[in-house]
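S.K.: For reference, the structure I am asking about is given below.
The values are calculated or read from the model by the stated rules, or taken from the named source; none is laboratory data. Since this is a predicted model, take the numbers as computed values, not measurements. Ideal geometry is used to build each Cβ from the backbone, glycine not excepted, and the neighbour counts take in all protein chains shown. Areas reflect the complete protein model, heavy atoms only, side chains present, ligands, DNA and RNA absent. Shrake-Rupley method; radii C 1.70, N 1.55, O 1.52, S 1.80 Å.
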Amino acid sequence: MTETPQRAQRPLRVLAAMSGGVDSAVAAARAAEAGHDVTGVHLALSANPQSFRTGARGCCTIEDSRDARRAADVIGIPFYVWDLAERFREDVVEDFVAEYEAGRTPNPCLRCNEKIKFAALLDKALALGFDAVVTGHYATVVVNDDGTRELHRASDMAKDQSYVLGVLDERQLAHAMFPLGDTLTTKEEIRAEAELRGLAVAKKPDSHDICFIADGDTQGFLADRLGKAEGDIVDESGAVLGSHEGAYGYTIGQRKGLRIGTPAPDGKPRYVLDISPVDNTVTVGPAAALDVTGLTAIKPRWCGLAPTGPGTYTAQLRAHGGETEVTAELVDGTLNVSFDEPVRGVAPGQAIVLYDGTRVVGSATIATTERATAAV
């Protein structure tokens, strides 16, 4: 049986994905220090990198490529830049636009992990004879006595990134290394370690925004690609309250930027309840109408064997969200989920990731939601 990178006793030949940020640089350095044969690679994800945001962001820009190269030089490992711009455009950017056009709310970072870092990159690495891909994600791979592999939350919950890795299957986990995830290390300590190692990215700010949206204006980015399409903003009764320039520019649970001149009868804020691309209508209403008691999710991906029968889990619904207790069951390829307590801000297109303790069970894409009865 092939040894898992996380527990391997022999040196492995590994490819370190170096974004240009501090996490991936320290991950590569730790892998090299552990005795592995490490090669650094930066992914060129835009045919025109100048169109991506400039500045210290830790992802995707020309500056980031240079930062990654300098870090590789300090670590003393070979370094290359691989052009995956076309694949990234098709699998991440175009998917992002299409999902918003259809009235859904996608997570491009999760899609990038699924389609780019642990599909295109990993497949190319394995074809070239590498044993594993190293990234700076905060998560942990655990190997069971029977050789099966599990994905677990990072030891530092404040930096845990297992949510965006919930799309990885067991084969991909067998060739993944996360050197930052299984140590009790805070981000401040990672930066201190980078400084001790002489890595110039030690004080580089984290990247939080969508890497391919140059100015951080998601609505403007979508308008440039989909065009303006004026439509109505209505309340739950269908009464027109205002107008918009494209339903794709809204997300479930949104409060700001609604441009509604008429206040609610009770004087309380209104929120986006529904987005209908068919008639280009955005429906708004009270916060209580956002309460979701259940959902269905499609395209499940399991970090190991698929669960059988109904089970109780905790679920995470967004990258920086908390956990909520659920009952879930896979029926004919669709995941049916019931929440123990109503939750808000749940939108089709988002990913739901199931956990059993710290173990990631798997993920699926939210298709429909079941709302609690709205307060009158």
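S.K.: Under a Cβ-only charge scheme (Lys and Arg +1, Asp and Glu -1), can you give me the dipole magnitude of the chain about the Cα centre, in debye to the nearest 20?
M.R.: 840 debye
S.K.: Here is a follow-up. Compare the Cα positions of Cys303, Thr281, Gly362 along the charge dipole of the range 242-376 (+1 at Cβ of Lys, Arg; -1 at Cβ of Asp, Glu; about the Cα centre) and return the one farthest towards the positive end.
M.R.: Working it through, the farthest residue towards the positive pole turns out to be Thr281.
S.K.: Still on this structure: Please report, in debye to the nearest 20, how large the charge dipole of the range 12-171 is about its Cα centre when each Lys and Arg carries +1 at its beta carbon and each Asp and Glu carries -1 there.
M.R.: 420 debye
S.K.: Still on this model: Quick one: which residues, 5 or more positions from Gly362 or on another chain, have an amide H under 5 Å from its amide H? H modelled 1.01 Å from N in the peptide plane, none for Pro or chain starts.
M.R.: Those lying under 5 Å, H to H, from Gly362 are Cys303, Leu354.
S.K.: Evaluate the charge dipole of the range 299-376 about its Cα centre and quote only its size in Debye, nearest 20, assuming +1 on the Cβ of each Lys and Arg and -1 on the Cβ of each Asp and Glu.
M.R.: 320 debye
S.K.: What number, in percent, do you get for the relative contact order of the range 91-174 if the mean sequence gap of Cα pairs under 8 Å and at least 6 apart is divided by its residue count?
M.R.: 25 percent
S.K.: With a 1.4 Å probe and every protein chain left in place, tell me how much accessible area Tyr100 has, in Å² to the nearest 10.
M.R.: Tyr100 has an accessible surface of roughly 30 Å² with all protein chains in place.
S.K.: Summarise the accessible area of the range 196-255 (1.4 Å probe, protein heavy atoms) by the percent that is carbon and sulfur.
M.R.: Accessible surface attributable to carbon and sulfur in the range 196-255 totals 44 percent.
S.K.: May I ask which residue of Val141, Gln172, Leu199 lies farthest towards the positive end of the charge dipole of the range 120-217, with charges of +1 (Lys, Arg) and -1 (Asp, Glu) on Cβ and the Cα centre as origin?
M.R.: The Cα lying farthest towards the positive end belongs to Leu199.
S.K.: Another question, then. Give me the percent of accessible area attributable to carbon and sulfur for the range 296-376, probe 1.4 angstrom.
M.R.: About 50 percent, which is the carbon plus sulfur part of the accessible surface.
S.K.: Calculate, for the chain, the solvent-accessible area per residue in square angstrom, rolling a 1.4 angstrom probe over the heavy atoms of the protein chains.
M.R.: 45 Å²
S.K.: Sort 133-146, 304-317, 170-183 by the packing proxy (mean of other Cβ within 10 Å over each peptide's residues), most packed first.
M.R.: Descending packing order for the listed peptides: 170-183, 133-146, 304-317.
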